[in-house]
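K.L.:
Could you have a look at this structure, given as structure tokens, before my questions?
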Amino acid sequence: MGKYVIAGNWKMNKTPAEATELISAIKPLVADATCDVIVGVPFVDLQAALDATKGTKIGVAAQNCYWEKSGAFTGEIAADMLRVMGVGYVILGHSERRTFFGDTDATVAKRVRGALDAGLTVILCVGEYLEQRELGITGEVVAMQTKIALNGVSEEELARVIIAYEPVWAIGTGKTATAEQANEVCALIRNVLTDLYNETAAKAVTIQYGGSMNAANAAELLAMSDVDGGLIGGASLKPNDFATIVAAAK
Ligand code: 13P
């Protein structure tokens, strides 16, 4: 299916000096990686991360961006600003942004548009709440999130979109989706992409699983047919655990 991509989402952790230290520890451990490796760091750590990853294949991601190019938007960061610095990726629509900071399917779609226009590659997060899973509407929720976020995204632009399926109930809880549950929803997302685009385009998209993925469970999740990588929270802050997950992605 899609190319394997393992991305760390550091969330609101690490100062610039700590980021340099963590990346220095990760670097030798992932030097032989056969998958793409990305670190998603707080805005203030981006320059340190770019410097620390220079000359390596490790990509750097921001954790959000705004859709306007400039203007009176206090506290926001434009996609273009990220691109100009040399940042290649941006995580968008993370459930923590949706739950705590008011992001909606509509604003996520605008952010996706802005990021793609700026030349960034997007890691688009989708996923259901526990109540939605229990209601049996996981498929509908995830399909809707995907369709709205990709509204107006061309097939050519889709090559710069990674989708991360992150069931909200599995994030930071230690409760991982079973490999079958993860694969089922990743496959469903791929079917949505087939409907929106075509089978070839859909097969080329990297669809990651995220939610308590760790050194112990990564291999089983990554072995599934439609799981092409991981978006890793807590375990991405531990160099050895992160490297074990990277090694499992082949
Ligand atoms: P955890 O791996 O800590 O559950 O976080 C997952 C996540 O939200 C990655 O974006």
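The values are calculated or read from the model by the stated rules, or taken from the named source; none is laboratory data. Please read these numbers as outputs of a predicted model, since none were measured by experiment. Every residue, glycine as well, gets a Cβ built from its backbone with ideal geometry; the counts of neighbours run over all protein chains shown.
K.L.:
Within the bounds of segment 99-108, is there any residue that is farther than 19 Å from TYR165 by Cα, at pLDDT 95 or above and among the hydrophobic types (A, V, I, L, M, F, W, C)? Let's see the steps before the verdict.
P.N.:
The initial filter retains those residues of segment 99-108 that are farther than 19 Å from TYR165 by Cα, namely 101-102.
Keeping just the survivors that are at pLDDT 95 or above gives 101-102.
Then keep just the ones that are among the hydrophobic types (A, V, I, L, M, F, W, C); that gives 101.
Yes: segment 99-108 contains one or more residues that are farther than 19 Å from TYR165 by Cα, at pLDDT 95 or above and among the hydrophobic types (A, V, I, L, M, F, W, C).
K.L.:
Inspect all residues belonging to segment 217-229 and state whether any of them is more than 16 Å from the ligand (Cβ to nearest atom), acidic (Asp, Glu), touching a residue at least 40 places away in the same chain (Cβ under 8 Å) and touching a Lys or Arg at 6+ places or on another chain (Cβ under 9 Å). Break it down stepwise before answering.
P.N.:
At the first step, the residues of segment 217-229 found to be more than 16 Å from the ligand (Cβ to nearest atom) are 223-226.
Imposing the further condition that a residue be acidic (Asp, Glu) reduces the set to 226.
Narrowing the set further to residues that are touching a residue at least 40 places away in the same chain (Cβ under 8 Å) leaves 226.
Still in the list and also touching a Lys or Arg at 6+ places or on another chain (Cβ under 9 Å): 226.
Checking segment 217-229: at least one residue is more than 16 Å from the ligand (Cβ to nearest atom), acidic (Asp, Glu), touching a residue at least 40 places away in the same chain (Cβ under 8 Å) and touching a Lys or Arg at 6+ places or on another chain (Cβ under 9 Å).
Rundown of residues vs (1) outside any helix (DSSP H, G or I); (2) more than 16 Å from the ligand (Cβ to nearest atom); (3) among the aliphatic types (A, V, I, L, M), yes/no style:
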| site | (1), (2), (3) |
| --- | --- |
| VAL39 | yes, no, yes |
| LYS69 | yes, yes, no |
| ALA72 | yes, yes, yes |
| GLU76 | yes, yes, no |
| ARG97 | no, no, no |
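K.L.:
Then there's this: Out of the residues in segment 156-200 meeting the condition of being touching a helix residue (DSSP H, G or I) at 6+ places or on another chain (Cβ under 6 Å) and more than 21 Å from ASP105 (Cβ to Cβ), tell me which one is nearest to the ligand (Cβ to nearest atom).
P.N.:
Top of the filtered list is THR176.
K.L.:
Scan segment 150-183 residue by residue and report those that are farther than 18 Å from SER212 by Cα and in a loop (DSSP other than H, G, I, E, B). Walk me through it before giving the result.
P.N.:
So in segment 150-183, the residues farther than 18 Å from SER212 by Cα come out as 150-162.
Residues satisfying the conditions are LEU150, ASN151, GLY152, VAL153, SER154, ALA159, ARG160.
K.L.:
Let me spell it out: the conditions are (1) away from the ligand (no atom under 16 Å from the Cβ); (2) closer than 19 Å to ILE189 by Cβ; (3) not hydroxyl-bearing (Ser, Thr, Tyr), and ILE91 meets all of them except one. Which number is the exception?
P.N.:
So the condition that ILE91 fails would be (1).
K.L.:
Here's something else I'd like to know. Which of the residues spanning segment 20-37 are free of Cβ contacts under 8 Å to residues at least 12 places away in the same chain and part of a loop (DSSP other than H, G, I, E, B)? Write out each step before concluding.
P.N.:
Taking segment 20-37 as the starting set, the residues that turn out to be free of Cβ contacts under 8 Å to residues at least 12 places away in the same chain are 21, 28, 32.
Answer for segment 20-37, where residues must be free of Cβ contacts under 8 Å to residues at least 12 places away in the same chain and part of a loop (DSSP other than H, G, I, E, B): just ASP32.
K.L.:
Shifting gears a bit: Do we have any residue at all in segment 151-167 that's among the basic types (Lys, Arg) and crowded, with 19+ Cβ neighbours inside 10 Å?
P.N.:
Looking through segment 151-167, none of the residues is among the basic types (Lys, Arg) and crowded, with 19+ Cβ neighbours inside 10 Å.
K.L.:
Among the residues in segment 80-97, are any of a type in the set (A, V, I, L, M, F, W, C), farther than 16 Å from GLY40 by Cβ and more than 18 Å from the chain's Cα centre (by Cα)? Reasoning before the result, please.
P.N.:
Filtering segment 80-97 for residues of a type in the set (A, V, I, L, M, F, W, C) gives 81-82, 84-85, 87, 90-92.
Those still in the list that are farther than 16 Å from GLY40 by Cβ too: 81, 84.
Filter again for more than 18 Å from the chain's Cα centre (by Cα), leaving 81, 84.
So far as segment 80-97 goes, yes, one or more of its residues are of a type in the set (A, V, I, L, M, F, W, C), farther than 16 Å from GLY40 by Cβ and more than 18 Å from the chain's Cα centre (by Cα).
K.L.:
Next question, about the same structure. Kindly evaluate LYS147 against the criterion of being within 18 Å of ASP195 (Cβ to Cβ) and either of a type in the set (Lys, Arg) or not in a helix (DSSP H, G or I) (or both). Spell out how you get there, then give the answer.
P.N.:
Details: within 18 Å of ASP195 (Cβ to Cβ): yes; either of a type in the set (Lys, Arg) or not in a helix (DSSP H, G or I) (or both): yes.
Spelling it out, LYS147 is indeed within 18 Å of ASP195 (Cβ to Cβ) and either of a type in the set (Lys, Arg) or not in a helix (DSSP H, G or I) (or both).
K.L.:
Restricting to segment 99-123, and then to whatever is part of a helix (DSSP H, G or I) and among the polar types (S, T, N, Q), can you tell me which residue is nearest to GLY210 (Cα to Cα)?
P.N.:
Residues of segment 99-123 that are part of a helix (DSSP H, G or I), as a first pass: 99-100, 105-117.
Within this subset, residues satisfying the condition of being among the polar types (S, T, N, Q) are 99, 107.
On the way: THR99: 16, THR107: 22 Å.
That would be THR99.
K.L.:
I would also like to ask the following. Suppose we filter ASP51, ASP45, ASP32, ASP36 for residues that are surrounded by fewer than 14 Cβ atoms within 10 Å (Cβ to Cβ) and among the acidic types (Asp, Glu); which single one remains?
P.N.:
ASP32
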